[in-house]
């Protein structure tokens, strides 16, 4: 293996479901692949592998295949890796701007900077469990992503933020497959164990109304079935 490697890394959960195509595409242009989260070979695992193979320089390049996700977390994880691998003889050059899709050739190192070790995954602000009433899980599995869960997730976050509920009353998290896939896009509301779907962008107002009612009135789901977001639940 060469002493210098270009490492392309996907950022968002949904992109990791295209791991096989992504890793094969990276190999075709002479690069190596990793994922920040989700399926595939994780960034830390890939850096460990490259270091063990004697690679001395890595050009780390963030890639967005679908969603536009900030690349800052990729740099944080890489700096954390350097902090916790003090004996590793690996220099990481980091491109801070994510590429919008798979590049046709090896990306230039122009503008990249060398990362320094830093325990950047620990902060006092991340010590406490969020004091929210409800946890909404938005499926970003293959079927839900294909049927529009990305746009729905963004719209739901914006609507809850507008109502001053996001991260104060309701925590929204994207996940892998939640089932039942035939009702995609699917959302699960905790602690009610209530599945809602299909939830499209046009359903976000109804879902936000439902969550606001739950927070205000203490309303709870009456069963563990799956329903559309416009259905009214009784106490």
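Quick one: is residue 8 assigned to a strand (DSSP E or B) and modelled with pLDDT of 95 or more? Spelling it out, residue 8 is indeed assigned to a strand (DSSP E or B) and modelled with pLDDT of 95 or more.
Looking at the structure I just gave you, is residue 137 modelled with pLDDT of 95 or more, in contact with a strand residue (DSSP E or B) (Cβ under 9 Å, 6 or more places away or on another chain), loosely packed, with under 15 Cβ neighbours inside 10 Å and outside any helix (DSSP H, G or I)?
Values: modelled with pLDDT of 95 or more: yes; in contact with a strand residue (DSSP E or B) (Cβ under 9 Å, 6 or more places away or on another chain): yes; loosely packed, with under 15 Cβ neighbours inside 10 Å: no; outside any helix (DSSP H, G or I): yes.
Judged against the criteria, residue 137 is not a match.
Do we have residue 74 as part of a helix (DSSP H, G or I) and under 27 Å from residue 140 (Cα atoms) here?
yes
Could you check region 140-163 and list, in sequence order, the residues that are assigned to a loop (DSSP other than H, G, I, E, B) and under 13 Å from the mean Cα position of the chain (by Cα)?
Once the filter is applied, which keeps residues that are assigned to a loop (DSSP other than H, G, I, E, B) and under 13 Å from the mean Cα position of the chain (by Cα), region 140-163 yields 140, 141.
Taking the criterion of being touching a strand residue (DSSP E or B) at 6+ places or on another chain (Cβ under 8 Å) and under 18 Å from residue 91 (Cα atoms), the residues of region 1-41 that qualify are 3, 4, 5, 6, 7, 8, 9, 31, 32, 33, 34.
Is it true that residue 51 is crowded, with 19+ Cβ neighbours inside 10 Å, touching a residue at least 12 places away in the same chain (Cβ under 8 Å) and in a helix (DSSP H, G or I)? Spelling it out, it is not the case that residue 51 is crowded, with 19+ Cβ neighbours inside 10 Å, touching a residue at least 12 places away in the same chain (Cβ under 8 Å) and in a helix (DSSP H, G or I). If you go through region 22-38, how many residues are buried (at least 22 other Cβ atoms within 10 Å of the Cβ) and either at pLDDT below 95 or not assigned by TED's automatic domain parsing to the domain that holds residue 70 (or both)? Within region 22-38, residues that are buried (at least 22 other Cβ atoms within 10 Å of the Cβ) and either at pLDDT below 95 or not assigned by TED's automatic domain parsing to the domain that holds residue 70 (or both) number 0. Within region 105-119, residues that are at negative phi reach partners that are part of a loop (DSSP other than H, G, I, E, B) and at pLDDT 95 or above with beta carbons closer than 7 Å, at six or more positions or on different chains, in the pairs 105/29; 106/29; 106/30; 106/31; 107/95; 112/95. Would it be correct to say that residue 174 is in a strand (DSSP E or B), in the same structural domain as residue 159 (by TED's automatic domain parsing) and at pLDDT below 95? So residue 174 passes the test.
Determine if region 124-132 includes at least one residue that is under 17 Å from the mean Cα position of the chain (by Cα) and surrounded by 15 or more Cβ atoms within 10 Å (Cβ to Cβ). Within region 124-132, none of the residues are under 17 Å from the mean Cα position of the chain (by Cα) and surrounded by 15 or more Cβ atoms within 10 Å (Cβ to Cβ). When residue 19 is tested against (1) assigned to a loop (DSSP other than H, G, I, E, B); (2) under 22 Å from residue 142 (Cβ atoms); (3) at pLDDT below 95, only condition (1) is not met.
The values are calculated or read from the model by the stated rules, or taken from the named source; none is laboratory data. Nothing here was measured: the structure is a model prediction, and the numbers come from that model. Cβ: placed from backbone, ideal geometry, glycine included. Neighbour counts: every protein chain shown.
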